[in-house]
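This report concerns only the one structure given below.
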Amino acid sequence: MGITHRTLVVSTTVVMTALVAVTGAGLHWSRSLAGFRQSPKELVDEVWQVIDREYVDATFNGNDWRAVRREFLSRNYTKPEEAYKAAREMLEKLNDPYTRFMDPEQFRSMQIETSGELTGVGITITQDEKTKEITVVSPIEGSPAAEMGLMAKDVILKIDGKSTKGMDLNQAVSMIRGPVNTKVRLTIRRGNQILNYEITRARIEIHPVRYSLRQTPQGPVGYIRLVTFSSNAAGEMRAAIRELEKQGVEGYVLDLRSNPGGLLFASAEIARMFLKQGDIVSTVNRQGEAERLRAGRGFLTDKPLVVLIDGGSASASEILAGALQDNNRAILVGTKSFGKGLVQSVQPVGEGAGIAVTIAKYFTPSGRDINKKGIEPDVEVTLTEQQREQLTRDDIATDRDPQFMRALAVLNERILAQRRNPQSARPTQGPNP
């Protein structure tokens, strides 16, 4: 059974990315805002109905969902902002950081984010379910946040001097967002250190794929860095592989480190470029119905492949890495991934607003549920805190990058093994599906 093509997001960026929308990015609203202002209660009921119809947990995290509806529809709402607040309050009862309401500005930002046109500081953040701390999933490569040195797992303690204790994700993002060339001050906890950053917001041009040819003892290899699974990621990946194939590469290093995820179908399309056959991912909804995405079209290369992952590799990155590992197509090098095994559907509600709702769990081809567990690499290469801090953007994928150098060594071993025995082209490490 195939998964119906709709807006499915498997990224922690659905939780929130601290960006502001580029105004006028080709978005069209079918109804006027004036109509909504006459009946804001309709939005609250629409949000309730989406959850009632689609939410992955049929118990609604132990809530009497019909009683919730009665509670919120018994209130009077005189303006949209009151309905927005009520919608967020309602969703908080689910205790699911990935299911959230977006006002029109936030919804436009999310849509533009997946299209690859962004402005802001460029960090993807989430809220820890237990501690409620606001945590950086990863900075977007090339963004102001990345240039200033923010890292995955950094905890944001203050925003412009205001404590984030008790602050919800929407409020945090609203404070971090702002116009281009304005500044925001973030106080970060990293391990035992307290660090302060002043970051200038900027326009961020995101090309999800960067690639280069690298010379190794076993011949030229292709290095491909994928920073996000946006709508143009598959097209750029296809072009990169084809160009590197023309240059006669012997194998590939695919770098998914600090990639927070994105669109489910972008992940599947990229997996198909490396897989001739086999399952890519299965999803299970609240009825227990399993749907699968499979390889079988779009295949481009069967040359040896090594994939780099770390704690900032989340959701769509984990789907791709898990598919390649479970199908014995690639060796994974680095550290354990983030651990998000949930799928969200993103859809409009009201007049220009939107909702991201968790509709399914996903499993790797071998049936692994990686939610809150992550994917373990086949070859672990852990960086010390000092190494992480010293590793600048210019050091990535150079001889100053220990994880990359180990990935190259592993790839060269695979290339050499394939020459000696063509049947050994696929790695034997990792679980069998």
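Any read-out appearing in this document is the output of simple, stated calculations on the displayed coordinates, not a laboratory observation. A quick note: this is a predicted structure, and the numbers were derived from the prediction, not measured. Note that we place each Cβ from the backbone using ideal geometry, even for glycine, and neighbour counts take in every protein chain shown.
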**OP:** Take the alpha carbon atoms of the range 354-411, find their radius of gyration, then divide it by 2.2 N^0.38 Å using N residues; give the quotient.
**Re:** 1.63
Subject >> Theoretical gain in end-to-end length, Lys130 to Asp52 [0.36 nm per residue, Cα-Cα removed] >> reply: 25.6 nm
Subject >> Gaussian network model of the chain, Cα within-10 Å springs - most flexible of Glu133, Glu413, Glu236 >> reply: Glu413
Original post:
So which chymotrypsin sites (Phe, Trp or Tyr not before Pro) in the range 232-317 pass both tests, a DSSP loop state and at most 13 other Cβ atoms within 10 Å of the Cβ?
Top reply: Phe299
Original post:
In whole percent, what relative contact order does the range 37-94 give with Cα contacts below 8 Å and a gap of six or more residues?
Top reply: 58
**OP:** With unit charges on the beta carbon (Lys/Arg positive, Asp/Glu negative), name the residue among Ala330, Gln287, Ser315 whose Cα is farthest towards the positive pole of the charge dipole of the range 279-362.
**Re:** Ala330
Subject >> Label-point gap, in nm, between Ala409 and Thr182 - each point 7 angstrom along Cα→Cβ >> reply: 4.9
Original post:
What number, rounded to the nearest 500 deg cm²/dmol, is the helix-based mean residue ellipticity at 222 nm of the chain, given -39500 (n - 2.57) per DSSP H run of at least four residues and division by all its residues?
Top reply: -9000 deg cm²/dmol
Original post:
So if R0 is 25 Å, what FRET efficiency would Asn328 and Arg214 give, r being the distance between their Cβ atoms, rounded to the nearest 0.05?
Top reply: 0.55
Original post:
Using a cut-off of 23 Å between alpha-carbon atoms, which lysines can reach Lys276, once sequence neighbours fewer than 8 places away in the same chain are excluded?
Top reply: Lys246, Lys303
Subject >> Relative contact order %, the range 126-277, counting alpha carbon pairs below 8 Å whose residues are six or more apart >> reply: 18
Subject >> Semi-axis lengths, Å, the range 272-422, gyration tensor of Cα atoms, sqrt of 5 times eigenvalues >> reply: 31, 22, 13
Original post:
Counting every Cα pair in the range 116-161, what percent are over 17 Å apart?
Top reply: 34
**OP:** Describe numerically, in nm with one decimal, the distance between label points set 7 Å from Cα along Cα→Cβ at Thr392 and at Arg292.
**Re:** 4.9
Original post:
Which semi-axis lengths, in whole Å and largest first, follow from the square roots of five times the eigenvalues of the Cα gyration tensor of the chain?
Top reply: 38, 25, 19
**OP:** Go from 0 up to the bin containing the longest alpha carbon distance in the range 214-294, width 10 Å each, and give me the % of pairs per bin.
**Re:** 16, 40, 31, 10, 3, 0
**OP:** Excluding residues fewer than 8 places away in the same chain, name every one of the lysines whose C-alpha is closer than 18 Å to that of Lys162.
**Re:** Lys132, Lys183
Original post:
Mean separation of Cα pairs under 8 Å and 6+ residues apart, divided by the residue count of the range 122-205: what relative contact order is that in percent?
Top reply: 26
Subject >> Cβ-based exposure ranking for Lys336, Lys165, in which fewest neighbours within 10 Å come first >> reply: Lys165, Lys336
Subject >> Residue-span extension gain [Glu81 to Ala67] - 0.36 nm each, minus C-alpha spacing >> reply: 2.8 nm
**OP:** Would you please give the FRET efficiency between Glu198 and Lys165, computed as 1/(1 + (r/R0)^6) with r the Cβ-Cβ distance and R0 = 22 Å, to the nearest 0.05?
**Re:** 0.55
Original post:
For Gln347 and Lys372, FRET efficiency with R0 = 22 Å and r from the beta-carbon atoms, rounded to 0.05?
Top reply: 0.30
**OP:** Give me the number: length gained by fully extending Glu380 to Glu245, i.e. 0.36 nm times residue separation minus the C-alpha to C-alpha distance, one decimal in nm.
**Re:** 45.8 nm
Subject >> the range 122-205: radius of gyration and largest Cα-Cα distance (Dmax), Å >> reply: 11.8, 35
